[in-house]
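What follows draws every value from the coordinates through simple rules; no lab data is involved. Being a predicted model, the structure only gives us computed values, none of them experimental. Methodologically, a virtual Cβ is constructed for each residue, glycine included, from the backbone with ideal geometry; neighbour enumeration extends over all protein chains shown.
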Amino acid sequence: MSQPPAVPGIRHQYGSHPDQFGHFYPGNAESGATIALVHGGFWRAHRDLTMLVPVAADLTRRGWHVWNIEYRRGRSWHDTLADCAVALDYLGDLAAGFDLDTERVVMLGHSAGGHLVTWCAGRAPAARRAGSPLPKIVPAGVVSAAGVLDLAQAFRWGIGERAVTEFLGGSPDEVPDAFRQADPMARLPTGVRLRCLHGPDDERVPVELSHRYARAARANGDDVTVTEVPGNHADIIDVGHPAWRAVVDAVGRLATY
């Protein structure tokens, strides 16, 4: 990846923990939409939001506001999910200062970040089922780039050097509540449009995980598509790679529809 941002992101702390922050990149006010980014790294602490700095810069140059989210990793799965939810809702706090349209927020996540943005898509229905307060921000659409969208199957395949076991603390039989709460497959339908982009030869996260989620989501009435794009696991977020064009197109359609 290349092309560092012409304008640095503005750091905002959405919580008290050092990892509860994000970088906001103001775009063109006329574009209206905000893109919330969530990085991957198999939920482990050695990866951070700098992975998506070139992505944030590219999207900002295209006119969109961008919110690049950091979150707690390598600790508790509950902390990770809660941070993504709180960080998304923090856009409501930023709205007045940057003239944001909170009804035009599109989430984009890569790899484990694809899991997290897809999980966020199911927040409102989950809150209704539980009788809990509704989230402040409901995304207008979600783009999963090479996302880990079926945690139970990812566990069975042992992807990411058994990353799901490490993230949730065991198998579906050992920690069923964790899988019920964290697996996007268990949170259908979401009512949010989702576009999955995935390389058929992805060596880290098999494309079948996107197809499995899409089949289940469509069976539950959700608007979900899968587009296979050439390239490996990292190419899809390389702003200089042809696969990135497909991601931008998907984001753009969701942001303007």
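Below, the figures for the structure above:
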item	result
Selected residue (criterion: nearest to Pro125 (Cα to Cα)) from residues of the stretch 179-225 that are among the β-branched types (Val, Ile, Thr) and crowded, with 21+ Cβ neighbours inside 10 Å	Thr190
Qualifying residue in the stretch 148-170 (condition: touching a Cys at 6+ places or on another chain (Cβ under 9 Å) and under 30 Å from Leu254 (Cα atoms))	yes
Among (1) assigned to a helix (DSSP H, G or I); (2) loosely packed, with under 15 Cβ neighbours inside 10 Å; (3) of a type outside the set (D, E, K, R), the one test that Leu134 misses	(1)
Residue check, Glu161 over 21 Å from Asp83 (Cα atoms), charged (D, E, K, R) and part of a loop (DSSP other than H, G, I, E, B)	no
Residues of the stretch 50-91 classified as over 14 Å from Trp119 (Cα atoms), surrounded by fewer than 17 Cβ atoms within 10 Å (Cβ to Cβ) and β-branched (Val, Ile, Thr), total	1
Within the stretch 49-59, tally of residues that are more than 12 Å from His23 (Cα to Cα) and touching a Gly at 6+ places or on another chain (Cβ under 9 Å)	3
Residue that is surrounded by the most Cβ atoms within 10 Å (Cβ to Cβ) [pool: residues in the stretch 13-27 that are small (Gly, Ala, Ser) and farther than 14 Å from Thr50 by Cα]	Gly27
Yes/no for Phe167 being surrounded by 21 or more Cβ atoms within 10 Å (Cβ to Cβ), touching a residue at least 60 places away in the same chain (Cβ under 8 Å), aromatic (Phe, Trp, Tyr) and under 24 Å from Arg73 (Cα atoms)	yes
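Conditions tested, residue by residue: (1) touching a Gly at 6+ places or on another chain (Cβ under 9 Å); (2) farther than 15 Å from Trp157 by Cβ; (3) part of a strand (DSSP E or B).
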position: Gly170; (1), (2), (3): no, yes, no
position: Glu174; (1), (2), (3): no, yes, no
position: Arg180; (1), (2), (3): no, yes, no
position: Met185; (1), (2), (3): no, no, no
position: Pro200; (1), (2), (3): no, yes, no
position: Glu203; (1), (2), (3): no, no, no
position: Ala217; (1), (2), (3): no, yes, no
position: Val226; (1), (2), (3): no, yes, yes
